[in-house]
Every structure is written in C-alpha cells, then in structure tokens.
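The values are calculated or read from the model by the stated rules, or taken from the named source; none is laboratory data. Since we're looking at a predicted model, the values are computed, not measured. Note: ideal-geometry Cβ built from the backbone for every residue, glycine included; neighbour counts use all protein chains shown.
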Amino acid sequence: MRLAKLKKTPNDVPYFAEHVRRYIQAQYGSDKLYREGLKVYTTLDTSWQVRAQESLRAGLEEDDRRIGYRGPAGRIDLKTEAPDWEELNPPMEKIPLAEYFAPGSRYKAVVKSVSRNLITVEVNGHKGVIEPGGFSWAHKFDVKTDGRYAGPVNDATKLVRPGHVIEVATLERRRAGPLRFALDQTPALQGALVCMDYSTGEIRAMVGGYDFETSSFNRAVQAQRQPGSAFKPIIYAAALDKNFTPASIIIDSPVTFEESGADWKPANYKEEFYGPTTVRTAVTESRNIVTIKVLQKIGLQYAMEYARRLGVRSNLEDNLSIALGSSSVNLLEMTSVYGVLANGGVRNEPYFIRRVEDQSGRIIERTEPVTNRVMPEDTAFLMNNIMQGVVEEGTGQAVRALGVPTAGKTGTTNEFIDAWFIGYTSGVVTGVWVGRDQEGTIGKNETGGHAAAPIWLAYMRGVIKSIQIRPFIPLRNIVFVRINKNTGLLAKPGDPDSFFEAFREGTEPKEYSLSPARSGEARPETPVSPR
C-alpha cells in the first residue's frame, strides 16, 4: 500500500494507514489487498500527520498529569527479587547507551532509594535519579479537584518507596553525573484529532488515540461521543436561516420542560441566569438555556433536518436536549460540519483516498469530490463572525495565541466526561476530542477549552506556516452596525458598551438603546418565520 508523499512506513502513521487498509479490504478483499500489488494514493500529509500524533500525545500527557499521579505500577521485594528487565522494558542489545536513553524515551524503573528531594532508580541495570523538578507535578490523583490549582509536590517520600516499579521519562543528560529522569505515567485519557482541507474534503491528518499498539480503536471515526456545546453552532446557524440575527434577544431564565414523562430543568454551566441575551453572547459564552429556547422557537424537526444537511450522519435523539449535544456523534462528522461553515456554506464530503491502481498502473478507483451548497453564504459568514468571538473573548480563548483569524467552538458534556474543540482558519478545519474510553469524568473543570483546545493550538502551530492565511471576508449583503452589546439595539454616540455587529442588509435594528443601557432593556424575544 503506497501512501501519497509517504516517506515513512504505514507503521509510522498507524491510525490513518489502518483506516485506509480496512476500507481497501472491505472494498476489494484480502487477496487484492495483500497479493495483487495495489497502489493506494491517499490525501495524507505526512508532516501534518506526525505533528498531529505528537500534539495529541503531548496534550493527553499534560491533561493526565494535571489530574494527578495514579501511583506506582507495581512493587518488588529488593531483598529477595531482582527486576525482570526483559519483561519491563525493550532490550538494549546492540543499541548505544546514548541512543537508548535519548531524551523523551520512556521506561519502567525500579526505585532503589528515596529521600525528600531525590529518587534514585535503576533502569535495565543503569542507575539514574529523579530530582524535584521531575516529580513536582505528581500531586494526588483526584478527579473531584481542579488540578490547575494543585500546588507542587516537594517531598518524594510521599510518592514512592524502594522497590516500587514506576514509569520514567528520560531527560537531557548532564556532561557528568548519572542518568536523569522525570516521574511519568501513561495517560488513562484518550483522544482523537482530525484535520480536513474544507475546500476539497481531503483528510490531511487523523489520529485515533494515544497509542496504536495499545489500542487500534480509532476514536476519530469509530467512537460515538456526546459533543456537548460543540453542537450549538448547528442550532444557531439554523436559527439565522429563520429571521434571527446575531443581535436577536432571548431571555435567559429558568425553564422546565417535560421530556419522556419527566420534568427537565436545564441549567447553564455556572448555574446562573442572565436575562436578556443576544445570540452572539449565547454562542460566545455557551449559554444552555438560550440555546434550548432557540431550538424550541425554530422547531426540533427543522433543526434535525438542518443538521443532516450539514453532515451529521449519526442518529439524533428526538428531543430538545440535542441543543446541548446530547446525541452521540463522531469527531470526523462534526469536523466536516464545521468545514461547511468555514467554506461559506458549501459541503465537501470528507475522503481519504485519491485513487487506487492495480499492479499494472490501471486506475480502478478514483475519488470524485462531492460538493453541495447546504447553507446560504451569508449565514455561514454570520456564524463565522460569531465564532471568531468565541476565540477572541469566549470559551475558546486558549487558541487565540495562534495569532491568525480563527473561528471555533468548545464542547463539554455533563460531569466533564467529553471535551471538544473544533476550529478553523484559512483552508483547514481541525477537530479534537478528549475523554475516557469508559466515559468517566476527565476531571473537575476539564472543559473543551482546557483539555482539548491546547492540543488544537499545538497542532496548528506546527502546520500554520504551510497555510496561506486569509481573513474572513464580508459579503456584499453584509452590513456592520454599531449596537449596544447588552440590548442588541443601535448604540448612541459615546456608548461604552457598543461594538460593530454584522447583519444581513435589511435586518439591522432601527431603534436606539437608552444610554447608559438600563437593566433588562432590550427588544422583545425574536419571533420566528422562514426566510
């Protein structure tokens, strides 16, 4: 199997290669796959794929450490047992010491001695040390405590004892002295990353988990997870295709719905209510109550059909909770939906294979891109403009450091079980998911903005130099009008709470806000009618 531009072997890009292999086997059978010399040309960019793998692994490791140290992997009796290094680590035969212990390499180690400031270990018969900087992160594992505020650990005797088997990562060695390690642990978290060229549908990179050798399950395409607030842009795009605008007002107030014969009282993330709220603020601050009310106004069936048109292929629950992302989807389909927004309302079906040739060079399959307009261009522009606000001042601020025009949305499910960030800039849309395979909590306050967005940022920083940066260009029928951010009404001169909002020409407000804006002043809630 030949991968386009592939200088590495398929084993170096395992999730992508395995996804392609499964397709070829299903389409042509094992004989053709393994015996007839098929040549498969893919959409993969190997440098982007390697960056995706590195970014996801590093991000999951950081997320996992933030939740705390889960403890040693085992223990041996140093008085009666010798470590079985062949079982614990890869053999060192014929590998130079400096290469085997290259910085970043990971091994099992046996603790030989411990003091407050130093852990002495042995790895494959070689002595090494873990200094305070290598174990300071290892606060007690606790999913009920926000790990961002855990103080540094300064006493190694509270972490390990002689005989403990632990994981370590090799650090840069000083000119003189023993090998240096940091205390480490294999993440219990999993994740996935997909990057697509939204102008064509070509998948440039896809990683389905932390480590393919441990688990070949591809969480980018095989896992069905709740997207949480990452689903909200679909609801708001559908609303903008009615007569909603970014300045439309919806009242954020307590509400009770009857779902499946029981009362459902949804709440916002901070369990507060904010009164009159614009659509822009509702998206930027990811307000739950407002989103449910918008869905109720535009109609559940209309919104579900709209989601299908944009590319949601998974089953959607037939109730209002879909506004909050209660229906499980996969990362690839959600990333492709965001690609519609990025591409001005045009959907390009995602694909991995450009063509397949037999051993004589005859083309037996060629992918013809499938392109359809599924959303008005001005709706896409308005959503892009709103979602730039998510990055600039909302829940996605972590990726603002990329320093180029970027739009996106976070997603977090109840109990912090799933964390998402899907964002786009010129030419590419990238989605990241983080969670646990058994759907337990990631950890307290491990939101999409904290757990997933930094992975997105690390990946995009690595590929942005090969992307031609372009701004989101306004359309001819889009006008920008200065409004009051609280009321959605025209702003008077000198209004400190004013900014320029985007509208379809003819939908901008005609009334002025009082100055200064009084509490509760706003236009009535927006009625709904088809465009």
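At-a-glance table
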{"item": "Of residues in the range 213-245 being more than 23 Å from the chain's Cα centre (by Cα) and among the charged types (D, E, K, R), the one modelled with the highest pLDDT", "result": "Asp241"}
{"item": "Filter result for Ala98 (aliphatic (A, V, I, L, M), over 18 Å from Gly71 (Cα atoms) and surrounded by 11 or more Cβ atoms within 10 Å (Cβ to Cβ))", "result": "no"}
{"item": "Residue within the range 141-149 that is closer than 30 Å to Phe416 by Cα, loosely packed, with under 12 Cβ neighbours inside 10 Å and not basic (Lys, Arg) present", "result": "yes"}
{"item": "Qualifying residue in the range 379-392 (condition: under 21 Å from Glu446 (Cα atoms) and surrounded by fewer than 24 Cβ atoms within 10 Å (Cβ to Cβ))", "result": "yes"}
{"item": "Test result for Ser314, part of a loop (DSSP other than H, G, I, E, B) and among the polar types (S, T, N, Q)", "result": "yes"}
{"item": "Within the range 497-522, considering residues that are more than 21 Å from Ala238 (Cβ to Cβ) and of a type in the set (Lys, Arg), the one modelled with the lowest pLDDT", "result": "Arg518"}
{"item": "Those residues of the range 255-302 which are surrounded by 15 or more Cβ atoms within 10 Å (Cβ to Cβ) and among the charged types (D, E, K, R), in sequence order", "result": "Arg280, Glu285, Arg287, Lys293, Lys297"}
{"item": "Any pair with Cβ under 6 angstrom, 6 or more apart, that starts in the range 73-101 at a residue that is in contact (Cβ under 8 Å) with a residue 40 or more places away in the chain and of a type in the set (Phe, Trp, Tyr) and ends at one that is assigned to a loop (DSSP other than H, G, I, E, B) and crowded, with 16+ Cβ neighbours inside 10 Å", "result": "Trp85/Asn124"}
{"item": "Single match in Ala169, Ala220 (criterion: assigned to a strand (DSSP E or B) and either touching a Phe, Trp or Tyr at 6+ places or on another chain (Cβ under 8 Å) or crowded, with 24+ Cβ neighbours inside 10 Å (or both))", "result": "Ala169"}
{"item": "Scan of the range 285-311 for residues that are of a type in the set (Asp, Glu) and part of a helix (DSSP H, G or I), ordered by number", "result": "Glu305"}
{"item": "Some residue of the range 107-126 being in contact (Cβ under 8 Å) with a residue 60 or more places away in the chain and either surrounded by fewer than 17 Cβ atoms within 10 Å (Cβ to Cβ) or not in a strand (DSSP E or B) (or both)", "result": "no"}
{"item": "Which listed residue is outside the structural domain of Tyr210 (by TED's automatic domain parsing), more than 27 Å from the chain's Cα centre (by Cα) and without any contact (Cβ under 8 Å) to a residue 60 or more places away in the chain, from Thr170, Thr157", "result": "Thr157"}
{"item": "The range 409-453: number of residues that are in a strand (DSSP E or B), in contact with a Phe, Trp or Tyr (Cβ under 8 Å, 6 or more places away or on another chain) and more than 17 Å from Asn330 (Cα to Cα)", "result": "2"}
{"item": "Residue satisfying condition, being at pLDDT 95 or above, out of contact with any helix residue (DSSP H, G or I) (no Cβ under 9 Å at 6 or more places or on another chain), more than 25 Å from Leu183 (Cα to Cα) and not basic (Lys, Arg), within set Tyr41, Tyr28", "result": "Tyr41"}
{"item": "Residue in the range 246-271 that is modelled with the lowest pLDDT, counting only those that are in contact with a Lys or Arg (Cβ under 6 Å, 6 or more places away or on another chain) and β-branched (Val, Ile, Thr)", "result": "Thr256"}
{"item": "Filter pass, Gly133 being under 30 Å from Thr441 (Cα atoms) and at pLDDT below 95", "result": "no"}
{"item": "Some residue of the range 29-50 being closer than 30 Å to Val432 by Cβ, among the β-branched types (Val, Ile, Thr) and in a loop (DSSP other than H, G, I, E, B)", "result": "yes"}
{"item": "Residues being without any contact (Cβ under 8 Å) to a residue 24 or more places away in the chain, more than 29 Å from Leu402 (Cβ to Cβ) and surrounded by fewer than 14 Cβ atoms within 10 Å (Cβ to Cβ) - total across the range 477-513", "result": "6"}
{"item": "Pick from the range 418-438, criterion under 11 Å from the mean Cα position of the chain (by Cα) and among the small types (Gly, Ala, Ser), ranking: farthest from Asn384 (Cα to Cα)", "result": "Gly435"}
{"item": "Residue among Arg400, Arg355, Arg373, Arg366 that alone is of a type in the set (D, E, K, R), under 21 Å from Leu193 (Cα atoms) and modelled with pLDDT of 95 or more", "result": "Arg400"}
{"item": "Subset of the range 257-284 [of a type in the set (D, E, K, R), on the phi < 0 side of the Ramachandran plot and not in a strand (DSSP E or B)]", "result": "Lys265, Lys270, Glu272, Arg280"}
{"item": "Candidate set: the range 196-217, residues that are acidic (Asp, Glu) and in a loop (DSSP other than H, G, I, E, B); chosen: the one surrounded by the most Cβ atoms within 10 Å (Cβ to Cβ)", "result": "Asp211"}
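Residue-by-condition table, conditions (1) out of contact with any Pro (no Cβ under 6 Å at 6 or more places or on another chain); (2) charged (D, E, K, R):
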| residue | (1), (2) |
| --- | --- |
| Asp146 | yes, yes |
| Ala150 | yes, no |
| Thr157 | yes, no |
| Gly177 | yes, no |
| Leu183 | yes, no |
| Glu202 | yes, yes |
| Gly208 | yes, no |
| Phe212 | no, no |
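Condition check ((1) in a loop (DSSP other than H, G, I, E, B); (2) modelled with pLDDT of 95 or more; (3) not assigned by TED's automatic domain parsing to the domain that holds Cys195) across all residues:
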| site | (1), (2), (3) |
| --- | --- |
| Ala323 | no, yes, no |
| Ser326 | yes, yes, no |
| Leu332 | no, yes, no |
| Thr335 | no, yes, no |
| Tyr338 | no, yes, no |
| Leu341 | no, yes, no |
| Gly344 | yes, yes, no |
| Arg347 | no, yes, no |
| Gln359 | yes, no, yes |
